[in-house]
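Worksheet for the structure shown next.
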């Protein structure tokens, strides 16, 4: 459940200084560049550049890996599926009906590089963005409704409390002799009961929080909301977008030059 | 103004109405009107500020200053004015840290002060305080009381205060109003007059009237028995945390004794209690059951016991009673433990009925536990913990939210358990409970931050 606890971004990290929406746009540019090709060269080059940025997050690699393991598992899963499913070229290894071919290896490498190169920018954004700055920027620059942005922000604050609720509910069940035992059915039932109990707790907390927010004028109509903090787009934010665009174009150019670039619908 | 009344008199509902937060479209029935400065309370919301019991779910932002600014932004205060008003409000409540302090790292008392600053910054003419000291340790209560006195003095605002333990705030009040359940005002006057004329009746109805406490010292009837559970150098640290949530602590629990575990919020009392109940694996040290508890064989540390072995030997009352609700009716809550421990349905049912009767929950036997009031849930959670007649009871704030009558009933129940040879470990801020029951008090100290 520790995945639920938001990462506290280091405000002094180089990447933390950019406007959150500029970072999101930059991640979007990388994604577009990678959706236009199926080759392994473009994502490999971009992934290399992205990895160079990891120290600029101010978060240690170990922490980042611990928080993003589901992604790594997912990329590995996609790779294995491609290894097995894609046929063609030489057979490298076989076991009964399972066959690993050279085309399969190529596909697995390309797809997993792509997944990682698209996802890593998103992780860099999350790891370097204070959720409140993100909400401010989304409201001020992209005109997201304040009700939605700050409502979600407040809900985010409840997540660590929910992780605690989860632990307490499972203890309470054990204290009453309701631990799941050894059978998988028992585990499933205990899990369902626990999810329900935590949901009830979440709703109650949510209602209390909503009352407290309403008591402070949140969601009131009539007075236009003001902003205590500015999230301006500065020159460095535009440089971030220009640099990202240049990097994507350069990686694509290299890929085209070596003859690897391959659009999906060709 | 102190707003008094027995449990269920509608105190919190009246506060919500004054804050303009009652939505007529949600109401089954609504009569009468609440006017602030001659306008309907719903239209005059900006004149009132409501502070609630649980600061943890009242804070919206991650940083203290941003949280205070939140209300000002919602009310459309000009950006240039916001930060001066934030600083002013933080100073008014004596907030000890800067605007950048992380709200999640604050103690309960500090969080409640911050929540108060968030309201004070809005400069309400009417402050509504709904049991704002209930979750706090004695130091936190003192802190909030001081701040209230300052703020009321400097702003000239009116405050309406609902508080369970009236003596915490009675010094602030110039007027006391007693609500009559079912409608109407029973008494209205200075606190001295109201407590003088109505004190006996209020106390009989369960209101904690200053100077009329039900406190009766219940001594143990037998000398302490053998050790039941022994914790040695028990230590706990959350994964990835930089400091211990519980510093190494020794604690023995003997049969026929009541040990009170006290100390400020954050000292690790609840953590130690969970470890002593076998529900938390200590990071260091060990909690072991002693032979008198008849531990299952082969012997192993308490945290590795099966639930079925725990339920018949150790009963636990959790800090938040909602965490321990596992069934859909109040009566099922009480029968499930004994049945898991191997009792027949008839025996489990008889025990359940006895506890329901004793703790004033009989009329709620078929109700969904989630629909109970806070005080009722607390009593239910104590009842579920003792339903299997365990040798050890570990209870985190067992008297929370009780009126003076149900409080006395709980103390009786716990004292009877002790007389029957049970070892009680009571985590509590309730000094009256400690005076009434504790044979030994262990005071934990705050860990350095």
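Derivation of every value follows stated rules applied to the coordinates shown; laboratory data play no part. All values reported here derive from a predicted model rather than from experimental measurement. Please note: Cβ atoms are built from the backbone with ideal geometry, for glycine as well, and neighbour counts cover all protein chains shown.
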Burial-style ranking of B:46-59, A:129-142, average other-beta-carbon count within 10 Å with highest first, yields B:46-59, A:129-142
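Restricting to bridges with both residues inside region B:116-253, how much of the DSSP beta-bridge set is antiparallel, in percent to the nearest 5?
65
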In angstroms, what radius of gyration and Dmax does region A:154-195 have, counting Cα atoms only? 12.2, 39
Based solely on C-alpha atoms, express the radius of gyration and the Dmax of chain A in angstrom. 23.3, 71
Using a 10 Å cut-off around each Cβ of peptide B:427-438, what is the average number of partner chain Cβ atoms that fall inside? 0
Rounded tilt (10° steps) of B:345-358 against the dominant C-alpha axis of chain B: 40
Zone of residue A:238's modelled label, taken as backbone nitrogen in region A:16-40 under 18 Å from a point 7 Å along Cα→Cβ: A:18-26
Among DSSP beta bridges lying fully in region B:227-443, give the percent that are antiparallel, nearest 5. 40
How many nm separate the modelled label positions at residue A:94 and residue B:367, each set 7 Å beyond the Cα in the direction of the Cβ? 7.2
Rounded, prolate or oblate: which fits region B:196-275 when a ≥ b ≥ c are the square roots of the eigenvalues of the alpha-carbon gyration tensor, with rounded for a/c under 1.5 and prolate only if a/b beats b/c? oblate
Once normalised by the length of region A:144-215, the mean sequence separation of its alpha carbon contacts under 8 Å that are 6 or more apart gives a contact order in percent of 35
Considering only DSSP beta bridges with both partners in the protein assembly as shown, what is the antiparallel share in %, to the nearest 5? 40
Give the average over all directions of the projected area of the C-alpha convex hull of region B:131-245, one decimal, in nm². 13.7
For region B:227-443 (alpha-carbon point model, no solvent) the Debye-based log₁₀ I(q)/I(0) at q = 0.16, 0.18 Å⁻¹ works out to -1.08, -1.35
Debye log10 I(q)/I(0) for the protein assembly as shown, one point scatterer per Cα, at q = 0.06 Å⁻¹: -0.45
By the gyration tensor of its Cα atoms, with a ≥ b ≥ c the square roots of the eigenvalues, what is the shape of region A:103-218: rounded for a/c under 1.5, prolate for a/b over b/c, or oblate? oblate
Per-residue average of Cβ from other chains inside 10 Å of B:316-323: 5
At a threshold of 8 angstrom on Cα-Cα distance, excluding pairs fewer than six apart, so keeping six or more, what relative contact order does chain A reach in percent? 34
Which parts of region A:24-51 would a label at residue A:106 reach, counting a residue when its backbone N lies under 17 Å from a point 7 Å out along Cα-to-Cβ? A:37-44
Computed label-point distance, nm, for sites residue B:446 and residue B:304 using a 7 Å Cα→Cβ extension: 3.9
Simple spin-label model, 7 Å along Cα-to-Cβ: residue A:167 to residue A:84 in nm? 3.7
Region B:1-152 shape via C-alpha gyration tensor axes, a/c threshold 1.5: oblate
How far, in nm, would the chain grow between residue B:354 and residue B:99 when pulled straight, counting 0.36 nm per residue and subtracting the alpha carbon separation? 86.5 nm
Compute the angle between helix B:374-386 and the longest alpha-carbon principal axis of chain B, please, reported from 0 to 90 degrees and rounded to the nearest 10. 10
By how many degrees, 0 to 90 and rounded to 10, does the Cα axis of helix B:138-155 deviate from the longest principal axis of chain B? 10
Using eta = 1.567 mPa s and T = 4 °C, Stokes-Einstein with Kirkwood Rh from Cα pairs puts D for region A:1-121, in µm² s⁻¹, at 80
Defining a contact as two alpha carbons under 8 Å apart and six or more residues distant in sequence, what relative contact order in percent does chain B show? 16
With each run of n ≥ 4 DSSP H residues scored as -39500 (n - 2.57), what mean residue ellipticity at 222 nm is computed for the protein assembly as shown after dividing by its residue count and rounding to the nearest 500 deg cm²/dmol? -15000 deg cm²/dmol
What is the P(r) of region B:72-132, as percent of Cα-Cα pairs per 10 Å bin from 0? 21, 52, 26, 1
